[in-house]
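A.B. asks: I am attaching a structure below and will ask some questions about it afterwards.
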Amino acid sequence: MAVAEFKKITAFKTAADFAAHIKEMGLPFGLVEEVKPGKESRLGEKVEHNGHVIGNRWAILPMEGWDCLPDGNPSEYTLRRWSRFAASGAKLLFGTEAAAVMTEGRSNTRQLMMTEDTYDAMAKASEMMRKVHEEKFGNADDLYIGLQLTHSGRYSHPYDDMKLASVTAYSHPLLDKKFGSSPANVVSDDELKRIIERFIDAAKLAYKAGFNFVDIKHAHGYLGHELLSAHTRPGEFGGSFENRTRFFRDIADGIAAEVPGLEVAMRLSFADFLPWMRQEDGSGLPMEWDKSKPYIYAFGGDGTGEGMNFDEPVKFVKMAQQHGVSMICGTIGSPYYNPHIQRPAAYAVSDGYLPPVDPLYNVAKHISAAAAMKKACPEVKFIGSGYTYLQEYLPNVGEWVLENGMADFIGIGRMVLSYPEMCADSLAGKTLDKRHICRTFGDCTSAPRNGMISGCYPLDDYYKVLPEALRLKNIKRSLKMGK
């Protein structure tokens, strides 16, 4: 598939110009020409949720920094990032960081963990975030903080960042080829039950450490998400819809029984797709699949591997509501096998490929998926994602999405690494600082893909001076996939 030619966002000098371009492309979203400050905007509205008041509709998405201490405790890099989240102006910190519940489930040797060994530092970090927020904004009573709990499953690297130690839900006909997995990597039912207990233990510690909620990750092809498509798995955790969702139910019910004061939320991939592979010329292609057979391995897919069907995701969310879930952060695709969908960007990461279509088409997929789920499950509060590629027009589109009832919160991920003040600046009616707007260069992903800590190396002076910055630049140059 050829690399797409498209106009970069910086080519549009006004919101009106960008709005006209979106309309010309026929995309199912729009934007307001001017974002009003503070309480005059939808972004500035307070939200009542489960007895709490969340102070506005900006949310920070959970991420991984690949920069914690080897024992899973937060490092100075981690605490700096969390401090910037707390000072961003967003009132919902959805998940803060992806925390592994056990060593075998770490995506890298420096992933955060939520265990007895990390509890003291995590409690101090939780308290620190509230203090930073209060010092900057006057109080932290309307700040709502969660911790994402995860097991990386197929993408586990617990002992060596360059060596997979996959824990898979089932034998996948394409992903096993792409990542070198085998039937020997498939986790047993007994081991899944042990993992469930580790989630519950981690949730108890998170509650004790001062987090308002935990996010049970079911996204991006990690273990919880992969189980949702385990049609071919035998036993208690595969085959039927009831069995494929048992992992989530048992975790949620266990938390409700042992930590009744802790809210359970979820990061959920609403739709998945065929995995893609990078070609020698830097372009990408989906892996070959016999189109005479339905592609059953994409939860939320339409059977072709290319489209979306929300019947099962809606069924799952309605079921999750019965188990206490009333807040979901949505996403689509995977950063490991179709990053152009999951993280719309103008540039390729070091192990990725150049965009096959204008990234705006995939931004539209994110917005449409969240809107469809919100329409089907109106009682649930949905946090939208996939907005970073919109760059200086992100607040304008976010405001439009909220005005049209297509999500309840606007979530930002990569953008907050380079420009955490975007939330506060937009709410204050300030002109955005274009020097710090994320342009989707992908360094925050390319660095960890090559064994380095994540961060915004192009725009954050803190990372620019690190020796990793030069190393990363040389890697990108060698791949001819830099700016």
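A.B. asks: Mind listing just one residue for me: the one in segment 331-387 that is in a strand (DSSP E or B) and open to solvent by less than 10 Å² (accessible area, probe 1.4 Å) and, of those, farthest from R414 (Cα to Cα)?
C.D. replies: Only one residue tops the list, namely F382.
A.B. asks: Can you tell me how many residues in segment 450-468 are open to solvent by less than 20 Å² (accessible area, probe 1.4 Å) and among the aliphatic types (A, V, I, L, M)?
C.D. replies: 2
A.B. asks: Of all residues in segment 382-410, how many are within 27 Å of A320 (Cβ to Cβ) and touching a helix residue (DSSP H, G or I) at 6+ places or on another chain (Cβ under 9 Å)?
C.D. replies: 16
A.B. asks: Just checking, does segment 205-226 include any residue being over 30 Å from K91 (Cβ atoms), without any contact (Cβ under 8 Å) to a residue 24 or more places away in the chain, out of contact with any Cys (no Cβ under 8 Å at 6 or more places or on another chain) and charged (D, E, K, R)?
C.D. replies: no
A.B. asks: Enumerate the pairs (first residue in segment 368-382 and farther than 19 Å from V264 by Cα; second residue anywhere and in a helix (DSSP H, G or I) and open to solvent by 10 Å² or more (accessible area, probe 1.4 Å)) with beta-carbon separation below 9 Å, excluding pairs fewer than 6 apart on the same chain, so at least 6 apart or on different chains.
C.D. replies: A372/V314; A376/V314; A376/K318
A.B. asks: Also, I was wondering about something else. Does segment 1-31 hold any residues that are of a type in the set (G, A, S) and either surrounded by 12 or more Cβ atoms within 10 Å (Cβ to Cβ) or over 15 Å from K434 (Cβ atoms) (or both), and which are they?
C.D. replies: Selection gives A2, A4, A15, A16, A19, A20, G26, G30.
A.B. asks: Let me ask another. Checking the structure you have, find out if any residue of segment 221-232 is surrounded by 18 or more Cβ atoms within 10 Å (Cβ to Cβ) and among the hydroxyl-bearing types (S, T, Y).
C.D. replies: yes
A.B. asks: Looking at G95, G65 in this structure, which one is touching a helix residue (DSSP H, G or I) at 6+ places or on another chain (Cβ under 8 Å) and over 20 Å from V363 (Cα atoms)?
C.D. replies: G65
A.B. asks: Got at least one residue in segment 202-210 being closer than 23 Å to L61 by Cβ and either part of a loop (DSSP other than H, G, I, E, B) or of a type in the set (D, E) (or both)?
C.D. replies: Checked segment 202-210: at least one residue is closer than 23 Å to L61 by Cβ and either part of a loop (DSSP other than H, G, I, E, B) or of a type in the set (D, E) (or both).
A.B. asks: Which of the residues spanning segment 85-108 are of a type in the set (D, E, K, R), surrounded by 23 or more Cβ atoms within 10 Å (Cβ to Cβ) and farther than 16 Å from R414 by Cβ?
C.D. replies: Listed by number, the residues that qualify are K91, R106.
So that you can scan it fast, the table gives a plain yes or no per residue for (1) open to solvent by less than 30 Å² (accessible area, probe 1.4 Å); (2) part of a loop (DSSP other than H, G, I, E, B):
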| position | (1), (2) |
| --- | --- |
| I410 | yes, no |
| P420 | yes, yes |
| C438 | yes, yes |
| P448 | yes, no |
| R471 | no, no |
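A.B. asks: Still on this structure, please answer the following. Out of all the residues in segment 69-79, which are open to solvent by 10 Å² or more (accessible area, probe 1.4 Å) and either outside any loop (DSSP other than H, G, I, E, B) or charged (D, E, K, R) (or both)?
C.D. replies: Listed by number, the residues that qualify are D71, E76, Y77, L79.
A.B. asks: Do we have any residue at all in segment 32-47 that's of a type in the set (V, I, T), surrounded by 16 or more Cβ atoms within 10 Å (Cβ to Cβ) and assigned to a loop (DSSP other than H, G, I, E, B)?
C.D. replies: yes
A.B. asks: Answer yes if at least one residue in segment 74-88 is at positive phi and modelled with pLDDT of 95 or more, and no otherwise.
C.D. replies: No, segment 74-88 contains no residue that is at positive phi and modelled with pLDDT of 95 or more.
A.B. asks: Sticking with this structure for a sec: Say whether the condition of being open to solvent by less than 20 Å² (accessible area, probe 1.4 Å), under 24 Å from D358 (Cα atoms), modelled with pLDDT of 95 or more and assigned to a loop (DSSP other than H, G, I, E, B) is met by at least one residue in segment 57-68.
C.D. replies: Looking for residues that are open to solvent by less than 20 Å² (accessible area, probe 1.4 Å), under 24 Å from D358 (Cα atoms), modelled with pLDDT of 95 or more and assigned to a loop (DSSP other than H, G, I, E, B), one finds at least one in segment 57-68, hence yes.
A.B. asks: Just checking, which of F237, F248, F273 is under 26 Å from K365 (Cβ atoms) and either open to solvent by 10 Å² or more (accessible area, probe 1.4 Å) or part of a loop (DSSP other than H, G, I, E, B) (or both)?
C.D. replies: Every option except F273 fails the conditions.
A.B. asks: Which residues, taken from segment 314-328, are open to solvent by less than 30 Å² (accessible area, probe 1.4 Å), in contact with a Phe, Trp or Tyr (Cβ under 8 Å, 6 or more places away or on another chain) and over 18 Å from A371 (Cβ atoms)?
C.D. replies: A320 - this is the single residue of segment 314-328 that is open to solvent by less than 30 Å² (accessible area, probe 1.4 Å), in contact with a Phe, Trp or Tyr (Cβ under 8 Å, 6 or more places away or on another chain) and over 18 Å from A371 (Cβ atoms).
A.B. asks: Being free of Cβ contacts under 8 Å to residues at least 12 places away in the same chain and either of a type in the set (D, E, K, R) or over 19 Å from Y462 (Cβ atoms) (or both) is the requirement here; does E64 meet it?
C.D. replies: No.
A.B. asks: Does any residue in segment 176-196 that is surrounded by 18 or more Cβ atoms within 10 Å (Cβ to Cβ) come within less than 9 Å, Cβ to Cβ, of a residue that is among the polar types (S, T, N, Q) and in a helix (DSSP H, G or I) six or more places away or on a different chain, and which pairs are these?
C.D. replies: Listed pairs, sorted by first residue: D176/N185.
A.B. asks: Among the residues of segment 85-114, which ones are polar (S, T, N, Q) and either closer than 29 Å to L164 by Cβ or assigned to a strand (DSSP E or B) (or both)?
C.D. replies: T96, T103, S107, N108, T109, Q111
A.B. asks: Determine whether segment 307-330 contains at least one residue that is in a loop (DSSP other than H, G, I, E, B), among the basic types (K, R) and modelled with pLDDT of 95 or more.
C.D. replies: no
The values are calculated or read from the model by the stated rules, or taken from the named source; none is laboratory data. Keep in mind it's a predicted model, so treat the numbers as computed, not measured. Cβ: placed from backbone, ideal geometry, glycine included. Neighbour counts: every protein chain shown. Accessible surface is based on the protein model in full, side chains and every heavy atom, while ligands, DNA and RNA are left aside. Shrake-Rupley method; radii C 1.70, N 1.55, O 1.52, S 1.80 Å.
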